[in-house]
Amino acid sequence: MWNRHFPRLSLQRNSFEVNTVYKVMPTSALRNRNHLEKPNWMLLSIICGSYVAATIGEQVLGPIFPDALSEFGLSEVDGGIAFGLLAASIALLNLIGGLTLARVGARRTIALASLFSLLGAVIAATSHSFAQLATSQIFLGAGAGLFFPAGLQMAGVAGGTSRRGFVMGIYGVAYSLGLTASAGLGALGAQIGWRSAFVVSAILSFLAFVSTFFTKLPSIAKSTKSGREALRLSLSNPTLVGGIGTISQYGSISFMTTFAVQEWGLSTARAAGILGIGRIISIVAKLVSGSSSDRIGPFASARWTGIALFITGIAWVLLPAGLPTYLCAAVFAGTVSSLGPIANMLAVEKFGRDGVTLGAFRSLQIAMGATAGVLIGLFGELFGLRLILAFAVLTPLSLLWVCREPKQ
C-alpha cells in the first residue's frame with residue numbers, strides 16, 4: 001500500500017531501541033540495508049582490542065602483587081587499599097564515562113580512557129613507593145571505568161541487528177582474554193621483574209590510544225530522556241540481569257576457593273584449578289549465551305541460564321566432595337559469565353543511546369556484587385559458609401521473574 005501511494009518512499013526500521021521507530025526516507029538510502037544490519041567486524045575488532053588493553057591494566061596488579069609486596073615491604077592491608085582504590089575508581093568513572101560519552105561521543109571517550117590506562121601503567125612501571133603504586137591503580141581504574149559505556153555502545157553498533165547477541169558474547173570474551181593475558185603477564189613478571197607487566201600494559205594502552213585517531217566511529221544521536229527517566233531505566237531489567245551475575249561473581253564465586261579448601265579438603269592450588277577451568281568454560285558460555293539471545297531472545301536465554309546456574313550451584317554447595325561436585329562448581333563458575341552478554345544486549349537495546357544510563361548500568365552492578373561479597377563474608381563467619389552459599393546460589397532463580405516475557 002505504501003509503495004502504491006508513495007512510490008519513492010519506503011519504511012526503514014531502526015531497532016537500536018526496544019520501542020520500534022520508523023523513519024520515512026528515500027528508497028535509494030536503503031540499498032545497503034542488509035549490509036548495514038550485519039556485524040561490522042573491523043569496528044568490533046578495534047573495540048575489543050581496546051577492551052582487552054583496559055582490562056589488562058585493571059587486572060594486572062593482582063598476579064604480580066606478591067613481588068611488589070616483597071619489594072616495598074607491604075602487607076595485605078596495603079593490597080586491600082590498592083585494590084579498593086581500583087574498584088572505587090572503576091565504579092565512579094563508569095558514571096563519569098557515561099556523562100563524557102553523552103557530551104563528546106564514543107571516540108573521544110575511548111581515547112581518554114586509553115590515555116588514563118597508559119598513564120596508570122607508566123606510573124606503576126616507574127613506581128618506587130606504595131603511594132605511587134596506589135596512584136597508578138586510580139588511573140588504571142579510571143581508564144577501565146571510562147571505557148565501558150562507550151565500548152558497550154560501540155559494540156552494540158558493531159553488532160548490527162542480525163547478530164547483536166553473538167557480538168555481545170565476543171565483547172564479553174574480550175574481557176576474558178584480558179583476564180587471561182593479565183595472568184600471563186603475571187607469570188612473565190615473576191621471571192623478569194614485575195614492572196615488565198606494566199610496561200606491556202602501557203604499550204597496549206598506547207596502541208589503543210593511537211588507534212582512536214585512525215578510526216571513524218559512528219555517531220549516535222543523543223538521548224533526550226530526562227534524569228528521572230534515565231534513573232528508572234538504570235534500575236530496569238538489564239541492570240537486574242547483570243546484577244544477578246555480579247552477585248554470583250563477586251559473592252558466590254569469590255568464596256568458592258575458600259569453600260573448597262574448608263569443606264572439601266582440597267589444597268589451594270587444586271581449588272584454584274577448578275576456578276581456572278571455570279574461566280575457560282566462561283569463554284564458550286559467553287558465545288553460547290550470545291547466540292541463544294539471537295535465536296530465542298535474551299529473556300528466554302536468561303531464564304534458561306538461571307535454571308542452569310541454580311542446578312549446578314545448589315549441587316556444588318550441598319553435594320559431598322567428588323569429581324561430579326567439582327565439575328558442577330566449574331560449570332557454575334563459567335556459566336555465571338554468560339549473563340554479561342545477555343545484560344549488555346538488553347542494555348544496548350533499551351538505553352543504548354543514553355551514555356549516562358550506560359554508565360549507571362555498570363556502576364550499579366558493581367555495587368550489587370560488592371555488597372553481596374561483604375554480606376556473604378559477614379554472615380558466613382557467623383552461620384557457616386555452606387549455609388550462606390546455599391542461599392546465595394538461589395539468586396539466579398530470580399531471573400525467572402525478572403526476565404518474564406512482557407505482556408503484549
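Computed from the coordinates by the stated procedures, all read-outs in this text should not be read as laboratory data. Only a predicted model underlies this, so the values are computations on that prediction, with no experimental measurement involved. Positions of Cβ are generated from backbone atoms using ideal geometry, with glycine treated the same way; all protein chains shown enter the neighbour counts.
For this structure, a couple of remarks:
- Local electrostatic count at Ala343 - Lys and Arg +1, Asp and Glu -1, tallied over other residues with Cβ under 14 Å: +4
- Shape call, the range 43-214: gyration tensor on alpha carbons, a/c limit 1.5: prolate
- Nearest-20 debye value, the chain charge dipole, Cβ charges on Lys, Arg, Asp, Glu: 2060 debye
- Charges were assigned to the Cβ only: +1 to each Lys and Arg, -1 to each Asp and Glu. The resulting dipole of the range 227-402 about its Cα centre is roughly 220 debye.
- Label point distance in nm, Trp41-Gln191, each placed 7 Å from Cα along Cα→Cβ: 3.2 nm
- Listed residues Leu318, Leu346, Leu118, most fluctuating in the chain (Gaussian network, C-alpha, under 10 Å): Leu318
- Dipole axis of the chain (+1 Lys, Arg; -1 Asp, Glu on Cβ), positive-most option in Ser50, Leu394, Pro66: Ser50
- Relative packing of 108-117, 281-290, 142-151, which averages over residues the other C-beta atoms within 10 Å, highest first: 142-151, 108-117, 281-290
- Net charge of the neighbourhood of Ala91, taken over other residues with C-beta under 14 Å away and scored Lys/Arg +1, Asp/Glu -1, is 0.
- Compared with the direct C-alpha span, the chain from Ala367 to Ala308 gains 18.8 nm at full extension, assuming 0.36 nm per residue.
- Surrounding net charge for Ala121, when Lys and Arg each add one and Asp and Glu each subtract one, Cβ distance under 14 Å: 0
- Taking a point 7 Å from the Cα of Thr268 along the Cα-to-Cβ direction, the residues of the range 83-118 with backbone N closer than 20 Å to it are 83-84.
- The label-point distance for Phe391 and Leu319, in a model that sets each label 7 Å from Cα toward Cβ, rounds to 2.5 nm.
- If you run the Gaussian network model on the chain, springs between alpha carbon atoms under 10 Å, then out of Gly242, Gly193, Gly322 the most flexible one is Gly322.
- Residues Leu323, Leu61 in ascending order of nearby Cβ atoms (within 10 Å, fewest first): Leu323, Leu61.
- From helices alone, the chain scores -25500 deg cm²/dmol at 222 nm; the rule is -39500 (n - 2.57) for each run of n ≥ 4 DSSP H residues, then divide by the residue total.
- Per-residue Cβ neighbour counts within 10 Å put Arg279, Arg353 in the sequence Arg279, Arg353, beginning with the fewest.
- GNM top mover of Glu349, Glu263, Glu381 - the chain, alpha-carbon springs below 10 Å: Glu381
- Three-way shape label, the chain, alpha-carbon gyration tensor, a/c 1.5: oblate
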